[in-house]
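Only one structure is covered here, and it is reproduced in the block below.
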Amino acid sequence: MKSNSGRIEQLAFIGFGEAAMAFVSGWGERRPLKINAFDIDAGAAMKARYASHDVCGFDTRQQALAGVDAVFSVVTADQALAAASAAADGIAAGSFWFDCNSCAPGTKRRAAEIIEKAGGRYVDVAVMAPVHPKRHHVPMLVSGPHAEEAVAALKSLDMRPEIAGSEVGQASSIKMIRSVMVKGIEALTAECFLAAKRAGVEDSVIGSLEASDPALEWRRRGAYNLERMMVHGLRRAAEMREVTLTIQELGLSGGMSAATAEWQDEIGGLHADPGPADLGARLQTVLDRM
């Protein structure tokens, strides 16, 4: 439980993937006294992951949630609402539910209703950059009626939150709408450069882009964007489907976001090793797999 100083001493993770591991390893000596976890992957590799991070892994959500006063929900975007629903009968009264998943504001509002009805304190959290290399220092936006208390709790873990507003959905709106550009540029990179590679005009296309806007460093950025899709495309596709929903909730078509999800899905689904940071080699790897 929390100490008299407000420091969180016991917390739980629902989902123990990249983000959870980054936070735990980043906390170091600042970590809470006890960290529980539940992940739907109950295999030997996950158990080894728990052990390597000195985390108590449990077979049920309810076991992981018992007695903690803060919960980090770090599952895939398409499972965020289901995770909140499944935790409703186990979350302790007054416990924070830090929903760190990349979801549409409407999805987060539905999750908030579930958690608040169960007696928890729901917090809309938007993680605004990759968790590596900053780990627990990754910039975060939080919003909702418990935002001020949530910021204090997160800062007790040496994290870097900022308040985005007093309503659930404000933090996630910023993250979702920003992703239209960030993940959309990745998809455009893939479509443009893969087509150029297959047509045999890769150097000419990139040369033309570099002449028009040399500051963008097209080869370096293209290699990075492709690596993001190759390694994280499936997760980014799930996020972009939530982005599409966000845009549609605002009365717009969301067509670009939907198309971005398709590209992220396709390249992420290849499960290809990006290898060295070489654009040409990565393009060839993707084309060979496709």
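Overview of results
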| read-out | value |
| --- | --- |
| Lys pairs under 18 Å by Cα in the chain, provided they are eight or more residues apart or on distinct chains | 9 |
| Normalised contact order of the chain, rounded percent, pairs of Cα under 8 Å and 6 or more residues apart | 14 |
| Integer Hz, Karplus 6.51/-1.76/1.60 couplings in order for the range 227-244, x for Gly and Pro | 4, 4, 6, 5, 8, 10, x, 5, 5, 5, 5, 4, 5, 5, 5, 6, 5, 4 |
| For the range 19-83 and the range 133-197, distance of Cα centres in Å | 21 |
| Amide proton proximity set for V71, modelled H, under 5 Å, gap of 5+ | A12, F96, W97, F98 |
| Cα-centre dipole for the range 172-289 with unit charges at Cβ (Lys and Arg positive, Asp and Glu negative), debye to 20 | 220 |
| Formal net charge of residues neighbouring G169 (Cβ-Cβ distance under 15 Å; K, R +1; D, E -1) | -2 |
| Furthest towards positive pole of dipole, H271, M240, Q63, structure part the chain, Cβ charges | Q63 |
| Cβ-placed point charges (K, R +1; D, E -1), dipole of the range 24-159 about Cα centre in debye, nearest 20 | 200 |
| Net charge dipole size for the chain [Lys, Arg +1 and Asp, Glu -1 on Cβ; Debye, nearest 20] | 460 |
| Distance (nanometres) between label positions extended 7 Å along Cα→Cβ at H132 and R30 | 2.1 |
| Selected from R236, R220, R109 as most flexible by GNM, with the chain as the system and alpha-carbon contacts under 10 Å | R220 |
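Read-outs: derived from the displayed coordinates by stated rules, not from any lab. Fair warning: this is a prediction, and the values are worked out from it, not measured in the lab. All Cβ positions, glycine included, derive from the backbone under ideal geometry; neighbour counts span all protein chains shown.
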